[in-house]
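S.K.: Let me begin by handing over the structure; questions about it come next.
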Amino acid sequence: MLLGVLAQLPTDPAVLAKADSVKTTFAQKLSALSEMSGSDLVKAATSGVANIALKILIALLIFWVGRWLIRRIRKLLERLMVRRNVDVSLRAFLMSLVNITLMLFLITVIIGVLGIDTTSFIALFASAGLAIGMALSGTLQNFAGGVMILLFRPFRVGDFIEAQGQSGTVKEIQLIHTLLNTPDNKTILLPNGPVSTGIINNYSREPRRRVDWTFGIAYGDDYELARTTIAELLAADERVATDPAPFIALSALADSSVNITVRAWVDSTAYWDVFFCMNERVYKAFSAKGINIPFPQMDVHLHRDDA
């Protein structure tokens, strides 16, 4: 059994040299203590205790002052974020992050004051941060995107947006996901990373939107009558803005119809109501005034060859 234990002892020359150095230093200190008298031992012990007590007292003082400074910094940042109207969820996260960072810094300083080597602690924190970052790379990307969205606010809760091929009303902005509510009442979770770096079409950002229509009439029908009818329908709708005035023009002589382009400005909230309502009114008004709305058709001419 003794031979087995001896076989497991380290044989690396560097390790053996370090062990010999530690053994020599310990022996020298032990020899120095043995040569000291009783009074010198008491003085040395008293001096060591006083030195340790002084370090502890300084560490406690630094801890107390540091905690006071951290509270002051947190209050200052909180007032600044409230003044800037930073989102509540982002505000809470940033306050927690600042508090944890400052506390880690304070603990590192106190450890250094107590005479403990802080290199190992810093290396430990760095290794832990690297490991967490690698394990949560995708989540951290979405988290960073959420922070950017909450800071720069390309859209807000209640806006109707189109992003990542999805469209809907923003229901909630979280740190990792953005929740959309589609017109058919489905909830879609969009990861904030791609949303923050992609194209966002915010339909609710501006107070007004332009509604575009294309109405076709048959060849041979009265264009001026159709134009006047559309203008009267737009003027009768109070939701349609008069400044700028609606635009009505003949846009194309298509294969089966004469196309009339119509553009009008409305409040963003009334966009779809005005769009569908005008389609119905124009259809009924054209029918009542004898204006035909054509459909795609093809004329076939047959020639008889008597020969």
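The values are calculated or read from the model by the stated rules, or taken from the named source; none is laboratory data. For clarity, every value in this text was computed on a predicted model and none was experimentally measured. Positions of Cβ are generated from backbone atoms using ideal geometry, with glycine treated the same way; all protein chains shown enter the neighbour counts.
Yes or no, residue by residue, for (1) in contact (Cβ under 8 Å) with a residue 12 or more places away in the chain; (2) closer than 27 Å to residue 97 by Cβ; (3) exposed (fewer than 14 other Cβ atoms within 10 Å of the Cβ); (4) out of contact with any strand residue (DSSP E or B) (no Cβ under 8 Å at 6 or more places or on another chain):
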| position | (1), (2), (3), (4) |
| --- | --- |
| 149 | yes, yes, no, no |
| 154 | yes, yes, no, no |
| 162 | yes, no, no, no |
| 201 | yes, no, yes, no |
| 206 | yes, no, yes, yes |
| 216 | yes, no, no, no |
| 221 | yes, no, no, no |
| 238 | no, no, yes, yes |
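S.K.: Still on this structure, please answer the following. Listed residues 256, 251; which is small (Gly, Ala, Ser), modelled with pLDDT under 90 and out of contact with any helix residue (DSSP H, G or I) (no Cβ under 7 Å at 6 or more places or on another chain)?
M.R.: None of the others qualify; the one that does is 256.
S.K.: Another one. For segment 142-160, what are the residues that are under 17 Å from residue 84 (Cα atoms) and not in a helix (DSSP H, G or I)? Talk me through it step by step, then tell me what you get.
M.R.: Step one: of segment 142-160, the residues under 17 Å from residue 84 (Cα atoms) are 147-156.
Correct list: 153, 154, 155, 156.
S.K.: So for segment 257-280 (the condition being of a type in the set (Gly, Ala, Ser), under 24 Å from residue 218 (Cβ atoms) and surrounded by fewer than 16 Cβ atoms within 10 Å (Cβ to Cβ)), does at least one residue qualify?
M.R.: No, the conditions are met nowhere in segment 257-280.
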